[in-house]
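So the structure is just underneath, and the comments pick up after that.
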Amino acid sequence: MTWFLIIVAILAIGGIKIYHSLVKLRTSARGAWADIDVQLKRGYDLIPNLVATVKGYASHEKDTLEAVINARNRAMSASGPQQKAQAENMLTGALKSLFALSEAYPELRAAESFTSLQDSLEEIEGAVQSARRYYNAVVRDYNTKVEQFPSALVANAFRFQKEEFFELDDEAQREAPKVSFDDN
């Protein structure tokens, strides 16, 4: 009878440890997702300033400016890693069109406010990439734990669900956007 109680106690302690590790990984994944959201919001907050700066030099490029604002609004309202990644792809494309305008407007390219915004967006893109890598690493660890035996038993019993990776759909989007305005 004592062996039976010892085995039950060991299993209970093991189950508790597994449960706590699942909670810790899930919480880390949610925290990492929040970090991505913060970085993306920083970028979203810069976009109206960027559009206003471009509008001052190229006000007749209304379609491009509206496309950027619409893509920004869709990205801000997207939820979940998959929707957010798709919206970010659209926003990146719209921003590329906006940055291409600088080629037609040398005075825009020379504007200090424009280059400052460009530098800020590059810095934020680097922070987003770093946050994405961390988020995906934590999600990988969490998802592995959810699927591995014996932790899968605890995960199923307590309804731990796998998390989505933050993946880019378009292969071309996997490269960091180049927003250089040099004539090279």
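Points to keep in mind about this one:
- Pick from the range 27-48, criterion closer than 18 Å to residue 94 by Cα and open to solvent by less than 30 Å² (accessible area, probe 1.4 Å), ranking: farthest from the chain's Cα centre (by Cα): 47
- In the range 115-162, the residues that are of a type in the set (Asp, Glu) and surrounded by fewer than 16 Cβ atoms within 10 Å (Cβ to Cβ): 119, 122, 123, 141, 147
- Selection of the range 49-64 for residues being surrounded by fewer than 13 Cβ atoms within 10 Å (Cβ to Cβ) and under 26 Å from the mean Cα position of the chain (by Cα) yields only 52.
- Look at (1) open to solvent by 70 Å² or more (accessible area, probe 1.4 Å); (2) within 23 Å of the chain's Cα centre (by Cα) and you find that residue 94 fails only one, number (1).
- Selection within the range 72-90 - of a type in the set (A, V, I, L, M) and either free of Cβ contacts under 8 Å to residues at least 24 places away in the same chain or open to solvent by 10 Å² or more (accessible area, probe 1.4 Å) (or both): 76, 78, 87, 90
- Test for residue 67: is it farther than 27 Å from residue 164 by Cα, in a helix (DSSP H, G or I) and open to solvent by less than 90 Å² (accessible area, probe 1.4 Å): yes
- Any pair with Cβ under 6 angstrom, 6 or more apart, that starts in the range 126-150 at a residue that is basic (Lys, Arg) and ends at one that is not in a helix (DSSP H, G or I): 132/166
The values are calculated or read from the model by the stated rules, or taken from the named source; none is laboratory data. Small disclaimer: the values here were computed from a predicted structure and weren't measured. Here Cβ is always computed from backbone atoms with ideal geometry, including for glycine, and neighbour counts include all displayed protein chains. Ligands, DNA and RNA are stripped out before the accessible areas are found, and what is left, the full protein with its side chains, is counted by its heavy atoms. Shrake-Rupley method; radii C 1.70, N 1.55, O 1.52, S 1.80 Å.
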